[in-house]
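For reference, the structure discussed in these notes is given below.
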Amino acid sequence: MFKRAIFLLSAFCLLLSACSATPAPLPTETAPPATIPTLPTLVPPTLIPPTETPTATPIPPNTRPQYTMDVQFHYANKSAYVNETIVYTNNSPDTLTSLVLAVESTCSNSFTLNSLAVDGAPVANYIFDYQNVQPYIRHRLEIPLAAPLAPNGQVTVQIGFGLVLPVVGNFSDESSLCSQIYGYTSQQVNLVDWYPFIVPYVSGKGWVLHNPWYYGEHLTFEAADFDVMVTFTDNSSPVIAASGAEIPSTGVNTKRYKIEAARTFALSFAMEYRVATKTVGDVVISSYYFAPYEVPATAVLNATAQSFEIYTQKFGSYPHKTLSVVQGDFNDGMEYSALYYHSKGIYNNYDGTLKNHLTAVSVHETAHQWWFEQIANDQGFEPWLDESLATYSEIVYYETVQPDALTDWWWTYRFDPYQPLNQVDARIYEGEGQRPYWNKIYLNGAHFLQDLRARIGDEAFFAFLQDYLAQMRGKISATDDFFRILRAHTSADISDLIAQYFQNPH
Ligand SMILES: [Zn+2]
């Protein structure tokens, strides 16, 4: 993520939207009607076994959560009925007496729970309430299980829900914790974190679900398989950007997408999207953009494809068949599985060179397909694990494409103006403001990695990153995993670096 990233505006406004001079344009559409149009009763789709070639993930596909979603979307009204089925296997050594789901779309009062069943039996005693920690957001859905779920046991959850999308970013102060991407604008619909999902369960810790915060991400995602069908009930036919690859569908006005071992399934619709594509190996990279932005959108595509090749070589392979970049109709950027949003303001300020924010953020967000998508982390409590690596991956990109000129530029442009603080291992709640949070987690995290590389040498550094990816791919990494795998690749004393950059011993 690089929120609301804006290109150089002045000597005092170098990078990010905390000092943006180009606020997001206010959407002009009126709010959707309060009532959802009546739709026919839906039959949950049948689960279809995965057909993709298995990836290097160490988790057998049949024990990953399996999400099947049938989305009946009324484009004109910006509303939907969704039938969701989750086949969940208890991969922990504990017997589970309940399941905990995150329901992020409640944040904007967009979500209505219509039905809930476990193994075919309706559930009425669910707890759908606020977490008892400020700020209060009603996004935790706990489903007691009629029969305890033993290790390796499997359960099927069926959820029927409605969505009435909000206008993107059109929230009151109290709702500023809500997603600034989810919803619609005059020309774009964005479904991100839009469906209930079972949060990770960690033995000894319990369910991992933190409250949102004013900056940073708070969610943690297990790798899961998704099979998503979208039908436009008003016969509209927008262009669709999706996590996952499109597969044939027999329905009228229906599109179907599948992806395996993914973290979170995002969708974006627009009537006016243009699409530029490039193929790298067997992966199709697509840049979705609005007509006036062909030049920056092509630069985004090129930077994404070029960094994709570099990261594949330096870190390891990419497991999916597609990667989509979506120009946001807002000033924000965010990574999802096989898809990332890019800030509109950055397209506006593209200067045609590599030494600019459009390129730096493109390669940063692309790196999240390794550090976030392939190796997940507790983004609320250990955000450095993905953000410092994504930020440092910018350097890996620049030093590869123009070793002499661009790496020095990166430090001068990206790092030096901000005098980063230490506390690389701060939680998002300890950020002390958005700019200090970025300084600690992103910038000082990248500086730590630079110093670490200088200490242990290039060979050990990249061998470590490749091994870290190989061991943790498909899993949720913790800081302990990072240092455990690192120490297998070096005997160098790094205690002074840890003391310098981290607030806790590691
Ligand atoms: Zn990021």
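Quick one: is LEU443 touching a Pro at 6+ places or on another chain (Cβ under 7 Å), modelled with pLDDT under 95 and outside any helix (DSSP H, G or I)?
Values: touching a Pro at 6+ places or on another chain (Cβ under 7 Å): yes; modelled with pLDDT under 95: yes; outside any helix (DSSP H, G or I): no.
It is false that LEU443 is touching a Pro at 6+ places or on another chain (Cβ under 7 Å), modelled with pLDDT under 95 and outside any helix (DSSP H, G or I).
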### Task
Determine which member of the set ALA76, ALA117 is surrounded by fewer than 22 Cβ atoms within 10 Å (Cβ to Cβ), in a loop (DSSP other than H, G, I, E, B) and more than 24 Å from the chain's Cα centre (by Cα).
ALA76
### Task
List the strands (runs of 3 or more DSSP E) that sit entirely inside the stretch 139-228 and contain at least 2 residues that are of a type outside the set (Lys, Arg) and either more than 24 Å from GLY328 (Cβ to Cβ) or in contact with a His (Cβ under 6 Å, 6 or more places away or on another chain) (or both).
140-149, 154-164
### Message
Please pick out the residue among GLN466, GLN423 that is among the polar types (S, T, N, Q) and on the phi > 0 side of the Ramachandran plot.
### Response
GLN423
### Message
With the structure loaded, tell me whether ALA56 is part of a loop (DSSP other than H, G, I, E, B) and at pLDDT 95 or above or whether it fails that test.
### Response
no
### Task
Among the candidates ALA297, ALA262, ALA305, single out the residue that is in contact with a Lys or Arg (Cβ under 7 Å, 6 or more places away or on another chain) and at pLDDT 95 or above.
ALA305
### Residues of the stretch 436-458 classified as surrounded by fewer than 16 Cβ atoms within 10 Å (Cβ to Cβ) and either in contact (Cβ under 8 Å) with a residue 60 or more places away in the chain or small (Gly, Ala, Ser) (or both), total
2
### Residue that is nearest to GLY345 (Cα to Cα), among those in the stretch 358-378 that are more than 10 Å from the ligand (Cβ to nearest atom) and assigned to a loop (DSSP other than H, G, I, E, B)
GLN369
#### Entry: Verdict on GLN313 being more than 16 Å from the ligand (Cβ to nearest atom) and without any contact (Cβ under 8 Å) to a residue 24 or more places away in the chain
yes
### Query
Which of the residues spanning the stretch 339-357 are more than 10 Å from the ligand (Cβ to nearest atom) and either under 18 Å from ILE181 (Cα atoms) or β-branched (Val, Ile, Thr) (or both)?
LEU339, TYR341, HIS342, SER343, LYS344, GLY345, ILE346, TYR347, THR353
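In the stretch 243-293, what residues are at negative phi and among the polar types (S, T, N, Q)?
SER243, SER249, THR250, THR254, THR264, SER268, THR277, THR279, SER286, SER287
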### Message
Give me the residue from the stretch 408-440 that is touching a Lys or Arg at 6+ places or on another chain (Cβ under 8 Å) and not in a loop (DSSP other than H, G, I, E, B) and, out of that set, farthest from LEU385 (Cα to Cα).
### Response
TRP409
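The values are calculated or read from the model by the stated rules, or taken from the named source; none is laboratory data. Keep in mind it's a predicted model, so treat the numbers as computed, not measured. Quick reminder, even Gly has a Cβ in these numbers, built from the backbone with ideal geometry, and neighbours come from all protein chains shown.
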